[in-house]
Amino acid sequence: CCVLFDFVSDPLSDLKWKEVKRAALSEMVEYITHNRNVITEPIYPEVVHMFAVNMFRTLPPSSNPTGAEFDPEEDEPTLEAAWPHLQLVYEFFLRFLESPDFQPNIAKKYIDQKFVLQLLELFDSEDPRERDFLKTTLHRIYGKFLGLRAYIRKQINNIFYRFIYETEHHNGIAELLEILGSIINGFALPLKEEHKIFLLKVLLPLHKVKSLSVYHPQLAYCVVQFLEKDSTLTEPVVMALLKYWPKTHSPKEVMFLNELEEILDVIEPSEFVKVMEPLFRQLAKCVSSPHFQVAERALYYWNNEYIMSLISDNAAKILPIMFPSLYRNSKTHWNKTIHGLIYNALKLFMEMNQKLFDDCTQQFKAEKLNNFLEKDAANPGAQCKRSLEQLSLHPMLTSACFIYPVLFSLMLPLGSSQNTFCVFSALHCVHMCMFS
């Protein structure tokens with residue numbers, strides 16, 4: 001079982017002996033699975049040696065050296081040619097670790113830091129089948145060897161640091177994060193400072209890597225696990241997400257919105273108050289996004305009962321932030337589905353606090369009018385007629401308290417001949433506004 005065969009350059013060579021090795025490995029797996037008291041002390045170095053000879057190897061060059069984003073639906077991973085043997089070696093080693101007869105005190109002489117480091121290097125394999133076995137194997141080692149836990153976490157940190165700041169390419173980030181999700185779940189409270197630093201300095205910067213989509217579900221799970229352990233981490237986490245928020249990558253924005261909703265699902269009301277204003281300013285931008293999936297995902301927040309309860313408790317702060325974006329896009333967004341979702345959000349806000357909703361409506365209209373007047377103030381003579389005609393098209397300005405100050409301000413800067421023209425135009429505007 002320690003003899004290696006060529007599956008790459010000459011796959012048809014030594015077919016008989018390849019089958020002999022496969023059969024022997026298969027028999028060993030069956031034997032260790034169904035028998036007790038078979039793992040004696042002399043077996044330990046032999047098993048570890050057999051695993052090391054077969055597994056610890058130089059991985060082939062990446063088929064995607066530029067680090068371009070991997071698309072599982074379009075891109076085919078490079079599969080390991082020797083997998084018929086490697087799979088059985090992994091299975092045997094896992095049965096060995098999981099056996100009731102396994103004794104970590106004996107095995108720790110052979111499964112040491114060097115072994116773990118070589119095992120971690122294999123996570124860059126392009127074969128997803130191998131990475132899946134590696135994930136389970138490393139998790140078992142982490143669970144059984146208490147003395148290796150800190151070292152394993154440190155080496156995973158180093159892999160992440162190189163990935164974020166140097167290579168931006170590694171095939172096993174998702175699997176390593178999945179292991180960490182289980183590890184974080186087992187952290188004792190209160191959290192150690194090193195664990196908080198790991199969240200803020202390692203996990204959060206992973207959001208800025210261009211291949212985020214490959215490992216984002218596992219990353220989001222790890223982040224939420226931390227917040228469930230310690231709610232005081234919510235503010236730095238949310239602020240970091242807003243800092244790393246994508247500017248030009250709409251699919252990535254949708255991922256951030258997904259993660260943010262998961263965070264809001266577990267957020268404490270006292271922590272929500274600290275982040276709600278910058279958070280909803282970002283949501284307002286998302287609602288205004290021309291990419292309909294971004295706007296749609298942001299508006300789905302209004303279907304979440306817990307988020308709506310948080311909004312209701314803080315409507316006086318949130319509605320003035322969200323209203324301009326919602327109102328404007330209810331009329332101007334190109335996608336009809338977005339119109340429906342916006343009307344739903346506005347309806348919920350109106351039912352939540354009718355007076356506040358009316359105040360926001362009036363404030364928005366007043367600001368819109370002021371912007372309109374400031375725009376035309378630079379050249380009132382040439383644009384007087386156009387301004388008045390545009391005003392007449394706005395039924396919302398039918399109130400005299402709006403109309404007369406507007407007309408007066410338009411006529412003030414003009415000369416006598418222009419005043420004459422504007423008087424007639426003003427009267428026409430009043431007529432149109434009051435009786436249309």
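Just so it is clear, none of the values below were taken in a lab; they were calculated from the coordinates. Keep in mind the model is a prediction, meaning the values are calculated, not measured. Reconstructed Cβ throughout: ideal geometry from the backbone, glycine too, with neighbour counts over all protein chains shown.
Each label point was placed 7 Å from the Cα along the Cα-to-Cβ direction; for residue 235 and residue 313 their separation is 1.7 nm. Region 206-255 and region 82-106 have their alpha-carbon centroids 35 Å apart.
Taking other Cβ atoms within 10 Å as a rough exposure proxy, 83, 334 sort from fewest to most as 334, 83. Taking θ as phi - 60° and the Karplus parameters 6.51, -1.76 and 1.60, the scalar couplings of region 103-117 work out to 10, x, 4, 7, 5, 5, 5, 10, 9, 10, 4, 4, 4, 4, 4 Hz in sequence order, x denoting glycine and proline. You can think of it this way: the chain between residue 154 and residue 106 has 14.9 nm of extra reach, that is 0.36 nm per residue less the Cα-Cα gap. Among 231, 330, the ranking by other beta carbons within 10 Å of each residue's beta carbon, starting with the fewest, stands as 231, 330. If the segment from residue 285 to residue 270 were pulled out straight at 0.36 nm per residue, it would be longer than the present Cα-Cα gap by 3.0 nm.
In this calculation the C-beta distance from residue 167 to residue 306 is compared with R0 = 35 Å, giving a FRET efficiency of 0.35. Fewest-first ordering of 137, 40 by other beta carbons within 10 Å of each residue's beta carbon gives 40, 137.
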